[in-house]
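Since the structure comes first, as structure tokens, the remarks are kept for the end.
Taken together, the values in this text are just the output of simple stated rules run on the coordinates, not laboratory data. Since this is a predicted model, take the numbers as computed values, not measurements. Don't worry about glycine lacking a Cβ; one is built from the backbone with ideal geometry, like all the others, and counts go over all protein chains shown.
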Amino acid sequence: MNITIDGATHAVTLADNAATQALLAKLQEGPITLSLNTNGDFEIWGSLGFSLPTANEHIDCQPGDVVLYSGSNICIFYGYNSYSYTRLGSIKGLSAEALKAFLKGGQSHIAVTLSLPGATGISQASTSAEEDAYFSLNGTRAGRHAKGLYIKRPAKGQGKGSKKVVL
């Protein structure tokens, strides 16, 4: 799942449980945009507008954790808290400070969009170069040594079709 705020998007690695399966089913219908608020200078939270199955357990939340509270509220942490939640997943690779900035910690009425990673509308990548070409998922040419998920167009004479590559 992706979380997008003010045009910046970060991936959430989801837990495998009934709540995330139900959330993924809702996201198959399309992105969900929420208005979240800061709480206690450690999380943003708010109503999903629908309920998900719960499997509450005591969790010591860390920066990046995404949890379900009371079956219908989502909490995204940039700080620490300990309470009874249903784990949804976590955002990896950002420091607590970077998470707070991304999540607009301290602010109210934060527009947050939950979505599924999907097609970008790139039907074919072309280049005049004779070597393999790597493109980001938004269609811009990327360096071969950058880490991430890319679309690789093989060099001329190396076969047809593009494929996804993780570097």
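If you wrap a convex hull around the C-alpha atoms of segment 51-108 and split its volume per residue, what is the figure in Å³? Show your work: numbers first, answer last.
Values: hull volume 4.6 nm³, N = 58.
Looking at segment 51-108, the number lands at 79 Å³ per residue.
If the label point is 7 Å along Cα→Cβ of A98, which residues in segment 1-40 have backbone nitrogen under 13 Å from it?
From segment 1-40, the list is 9-11.
Can you list residues whose amide H is under 5 Å from Y78's amide H, if they're 5+ apart or on another chain and H is modeled 1.01 Å from N?
Here the answer is E43, I44, G64, since their amide H atoms fall under 5 Å of that of Y78.
Would you mind computing, in nm to one decimal, how far apart the modelled labels at A11 and A111 are, each placed 7 Å from Cα along Cα→Cβ?
2.6
What are the chymotrypsin sites (Phe, Trp or Tyr not before Pro) within segment 3-71 that DSSP puts in a loop, where the Cβ has at most 14 other Cβ atoms within 10 Å?
Passing both the DSSP loop test and the Cβ count: F50.
Restricting to DSSP loop positions (anything but H, G, I, E, B) with no more than 15 other Cβ atoms inside 10 Å of their own Cβ, which GluC sites (Glu not before Pro) remain in segment 1-85?
When the GluC sites (Glu not before Pro) of segment 1-85 are filtered for loop state and at most 15 Cβ neighbours within 10 Å, E29 remain.
Relative to the Cα centre, what is the charge dipole magnitude of segment 1-100, using +1 at the beta carbon of each Lys and Arg, -1 at the beta carbon of each Asp and Glu, and rounding to the nearest 20 debye? Spell out each step's value before the answer.
Numbers: 4 positive and 9 negative charges, 32 e Å.
For this selection, approximately 160 debye.
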